[in-house]
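A single structure is presented below for examination.
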Amino acid sequence: MTRTIHCMVDDIDTDGLDFPPCPSEAGLRVYREVGKPAWRRWLAHQTMLINEYRISPMNPEQRVFLEREMVKFLFENCAQKPPGYVPRDG
């Protein structure tokens, strides 16, 4: 069943996530306040971070880094791309 929320990122009413993305206060905040379109943009940014920094999501310290970056991206509007990042074509 679809759950409608007011997305704080995009300032629109939209579909909410089906479940909290991680078991933390930040994950619960995302569940309550972030819509699926904004979440998809975060996932693309997260994938870029994982690839550029060679992050292993299984590493607890690197998961903490990703969660901090998620908060920056979704709530603080201050996420940065890695230094020297050049998007790949194709």
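Just the residues that are touching a helix residue (DSSP H, G or I) at 6+ places or on another chain (Cβ under 8 Å) and among the hydroxyl-bearing types (Ser, Thr, Tyr), please, taken from the range 8-52.
Selection gives THR14, SER24.
Here is a further query. Are any of the residues in the range 15-32 among the hydrophobic types (A, V, I, L, M, F, W, C), within 27 Å of THR2 (Cα to Cα) and modelled with pLDDT under 95?
Yes, that holds for at least one residue.
Something else about it: Among the residues in the range 1-20, are any out of contact with any Lys or Arg (no Cβ under 9 Å at 6 or more places or on another chain) and part of a helix (DSSP H, G or I)?
Scanning the range 1-20 turns up no residue that is out of contact with any Lys or Arg (no Cβ under 9 Å at 6 or more places or on another chain) and part of a helix (DSSP H, G or I).
Please specify each residue of the range 34-44 satisfying the condition of being within 12 Å of VAL71 (Cβ to Cβ) and free of Cβ contacts under 8 Å to residues at least 40 places away in the same chain.
TRP42, the sole residue that qualifies.
Still on this structure: Six or more apart or on different chains, Cβ under 7 Å: which pairs go from a residue in the range 57-85 that's in contact (Cβ under 8 Å) with a residue 60 or more places away in the chain to one that's open to solvent by less than 80 Å² (accessible area, probe 1.4 Å)? Could you list them?
LEU74/VAL9; LEU74/VAL30; LEU74/VAL34; LEU74/ALA38; LEU74/TRP42
Do any residues in the range 21-33 that are among the aromatic types (Phe, Trp, Tyr) have Cβ atoms under 6 Å from those of residues that are assigned to a loop (DSSP other than H, G, I, E, B) and open to solvent by 30 Å² or more (accessible area, probe 1.4 Å), where the two are at least six apart or on different chains, and which pairs are they?
Final answer for the pair search is TYR31/PRO20.
LEU17: of a type in the set (A, V, I, L, M, F, W, C) and surrounded by fewer than 17 Cβ atoms within 10 Å (Cβ to Cβ), yes or no?
Judged against the criteria, LEU17 is not a match.
The values are calculated or read from the model by the stated rules, or taken from the named source; none is laboratory data. These numbers were taken from a predicted model, which means no experiment stands behind them. Neighbour counts are summed over all protein chains in view; Cβ atoms, including those assigned to glycine, are modelled from backbone coordinates with ideal geometry. Ligands, DNA and RNA are excluded from the accessible area calculation, which covers all protein heavy atoms including side chains. Shrake-Rupley method; radii C 1.70, N 1.55, O 1.52, S 1.80 Å.
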